[in-house]
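Asks: Can you read through this structure? Questions will come right after.
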Amino acid sequence: MRVNDVTMPRALIFDMDGTLTEPLLDFPHIKADLGIGDRPILEAIAEMSDAERQRADAILHDHEDRAARDSTLNAGCKELLSWIESRKIRWGIVTRNSARCAKIVLAQHAIELETLVTRDDGLFKPHPAPLLLACERMDVLPNDAWMIGDGQYDVEAGLAAGIPTVWISHGRDRFFDAMPWKTVRDLPELHELLRSLTV
Ligand SMILES: [Mg+2]
């Protein structure tokens, strides 16, 4: 189906934290506990010695587990996911969080999905590999999927993977250089966009 040159995606790949859920993690607090200044968390941990990394992983898991148990879905999330399923569009999540954290969030909100790619699968956003892995698992070409996320890494990873990427702005001005394919304010606006393609 084609409306204004936009075709219905065969699959949707969502970021989790801040996209499907309200922001889960208190990044400044985690960074302070890890003692890594303002560096990106996973990249800083990857460069640590084995002993340092073990300690850092434990701190991060502790934050993630607590945040996952307290998680709240963003407005319109359940409605959007039910609609996606009713339309038989495949969907999955690609997150920099751990599989453990993601599974707690999903179980807590009774969300079932086929495709979950986490940092435990290896490379993480902004690397395009986890997005391409999700496409492979959903059996779609990158160009037939949309990436949807609220963060800079989502847009950078989507661009690098050749996947049309929708940035959820939550009303913020864009604070990074990577240019999303489309910008929507929130999940209800994304839902509206998708519905407009089905007529
Ligand atoms: Mg996010």
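What follows is calculated from the coordinates using simple rules that are stated; it is not laboratory data. Please read all numbers here as calculations on a predicted model, not as lab measurements. Counting neighbours? That spans all protein chains shown, and the Cβs are built from the backbone with ideal geometry, glycine included.
Asks: Given R₀ = 45 Å, FRET efficiency for His61-Ser196 by Cβ-Cβ distance, to 0.05?
Replies: FRET efficiency, His61 to Ser196: 0.65.
Asks: Looking only at Leu133, Leu34, Leu73, which one moves most when the chain is put into a Gaussian network model with springs between Cα atoms under 10 Å?
Replies: Its mean-square fluctuation being the largest, the pick is Leu34.
Asks: Hey, which lysines would be in cross-link range of Lys78, C-alpha to C-alpha under 18 Å, not counting anything within fewer than 8 residues on its own chain?
Replies: Lys78 reaches Lys88, Lys103.
Asks: Mind telling me which of Val140, Val105, Val166 comes out most flexible in a GNM of the chain, alpha-carbon contacts under 10 Å?
Replies: Fluctuation is largest for Val140.
Asks: For a quick check, take a GNM of the chain with Cα springs below 10 Å and name the residue from Ala46, Ala56, Ala67 with the largest mean-square fluctuation.
Replies: Highest fluctuation among the options: Ala46.
Asks: Here is a follow-up. Which of the lysines could a cross-linker bridge to Lys182, judged by Cα under 21 Å and excluding same-chain residues fewer than eight apart?
Replies: Within the straight-line cut-off, Lys182 pairs with Lys125.
Asks: So how much slack lies between Lys78 and His170, counting 0.36 nm per residue of separation and subtracting their Cα-Cα distance, in nm?
Replies: Computed gain between Lys78 and His170 is 31.4 nm.
Asks: Right, here's the next one. Report the FRET efficiency, 1/(1 + (r/R0)^6), for Arg39 and Met179, where r is their Cβ-Cβ distance and R0 is 25 Å, rounded to 0.05.
Replies: Plugging the Cβ-Cβ distance into 1/(1 + (r/R0)^6) gives 0.50.
Asks: Then there is this: I'd like the FRET efficiency for Ala46 and Glu189, computed as 1/(1 + (r/R0)^6) with the beta carbon distance as r and R0 of 41 Å, rounded to 0.05.
Replies: 0.70
Asks: Moving to a separate point now. Counting Lys and Arg as +1 and Asp and Glu as -1, what is the net charge of the other residues whose Cβ lies under 14 Å from the Cβ of Gly76?
Replies: -3
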